[in-house]
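Have a look at the structure below, then the notes.
The values are calculated or read from the model by the stated rules, or taken from the named source; none is laboratory data. Computed from a prediction, not measured in an experiment: that's the story for all the values here. All Cβ positions, glycine included, derive from the backbone under ideal geometry; neighbour counts span all protein chains shown. All accessible areas refer to the heavy atoms of the entire protein, side chains included, with ligands and DNA or RNA removed. Shrake-Rupley method; radii C 1.70, N 1.55, O 1.52, S 1.80 Å.
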Amino acid sequence: MIRGNEFHSIVKNIFGDVQGFMESEQLQVNCPRCQERDGLSHPDGKFNLEINTAKRMFRCWKCDEPKFSGSLGRLVRTFGTYADYEMYKAYAGIFHDYDYKEDEKEYAPVKLPEEMILFTQMQSGNLEHFEAYSYLVTERKISRDIILKYRLGFCTTGKYAKRIIIPSYDINGEINYFVGRSYDPAEKKKKYLNPYADKDKIIFNEGLVNWDSTVYLVEGAFEMLTFPVNCIPMLGKTLSPTLFVKLKELKPEVVVLLDPDAYKNAIQLYYMLYTIYVGCEEKVKIVKLPTEEDLDELRRNQGIDDVIDSLYSARGLNTEDYFIQKLENSYDKRTRKYQYNSKFAEWKSNGTKNFIR
Ligand SMILES: [Zn+2]
């Protein structure tokens, strides 16, 4: 008997590839913290994160300073969805020794890097400062208004040297997170370096969100700069528990706007919101971008008008979305296309009549 096998499917839900799945109490998955540290956009394939489902504990063999270990609930809470963690608590609650407090974790409060220089303080004639400015304005085509509005800064020295700093402020104007994006052309591995903090507890730049207006859910902080009207960067492809609770409570008009390669995630997110917007489901909308470009590329290559046009196309789900959602491994990174299965092709050529009964 495998103790804690109730948790295996939750682990699989979150990490996909699981060694020992339904065979052992000891599971191995790819460590997301290692992935973050190495700046990889995909799991590292090393399976360094060890999970014991009988003891409900995890640890990574590679992560050191800070160590990455603790209760399984903490792992699920940090990297899973709200639903994953709810399910975890329901199962773990069967065991008398379980206390959800073991899943709470201690983080030091986030501070901006000491070396950070605000763009409003940059010195003209300083080449290092100009390099940062030039990256934002010339390469990323971010306007001066945006730089000022979001209080963007940069570092030329220290841990965050040659990074643009995009700060997040809470409703009281206190810093609660930041994103550090490299502008060093030599930096190939770690494009992003963010502080060690609980992303679940924050809503990025909540202080700037207008809940009475349409809220756009986007993946990263640069998308927020691209389309700076009431965007919330999720810092990933799923909702944090804090954002979930807020949306459930306030139910603003919401538009799901993820990159084309994450369209399946977008549909899943749409479904999740749809189920909590009871009686006002029409307030949930989704955008499918017209090309394979993400929001930022679209703006830089086609211009802001195309971005705005695509936002006007926000709508409910259609039948094609339903099929995409049903597909596994649907997106081919190489061809940048969805791989439709034969049933879907059949449906497409025959029309919907034959297929949907
Ligand atoms: Zn690790």
About its Cα centre, the stretch 108-193 carries a charge dipole, from +1 on Lys and Arg Cβ atoms and -1 on Asp and Glu Cβ atoms, whose size in debye to the nearest 20 is 340 debye
From DSSP H assignment alone, runs of 4+ in the chain each adding -39500 (n - 2.57), the sum over residues rounded to the nearest 500 puts [θ] at 222 nm at -8500 deg cm²/dmol
For the stretch 1-107, the dipole about the Cα centre with charges only on Cβ (Lys and Arg +1, Asp and Glu -1), to the nearest 20 debye, works out at 80 debye
Restricted to pairs 8 or more residues apart or on different chains, the lysines in the stretch 108-193 with C-alpha atoms under 14 Å apart form a number of pairs equal to 7
Put PHE15, PHE119 in order of accessible area, largest first, probe 1.4 Å, and you get PHE15, PHE119
So for the stretch 56-170, using the alpha carbon gyration tensor with a ≥ b ≥ c as root eigenvalues (a/c under 1.5 gives rounded; past that, a/b versus b/c decides prolate or oblate), I'd call it prolate
For the chain, the percent of accessible surface on carbon and sulfur atoms (probe 1.4 angstrom, ligands and nucleic acids excluded) is 49 percent
For ASP17 the rounded accessible area (nearest 10 Å², probe 1.4 Å, non-protein molecules ignored) is 100 Å²
Mean accessible area per residue over the chain (1.4 angstrom probe, all protein chains present, square angstrom) is 53 Å²
Taking a label point 7 Å from the Cα of VAL245 along Cα-to-Cβ, the residues of the stretch 65-97 whose backbone nitrogen sits under 11 Å from it are none
Taking a crude spin-label model, label points 7 Å out from Cα along the C-beta direction, the GLU128 to LYS201 distance in nm is 3.3 nm
So the FRET efficiency between VAL229 and LYS89, C-beta based with R0 = 41 Å and rounded to 0.05, is 0.65
Measuring from its Cα centre, the chain shows a charge dipole (+1 at each Lys and Arg Cβ, -1 at each Asp and Glu Cβ) which, in debye to the nearest 20, is 500 debye
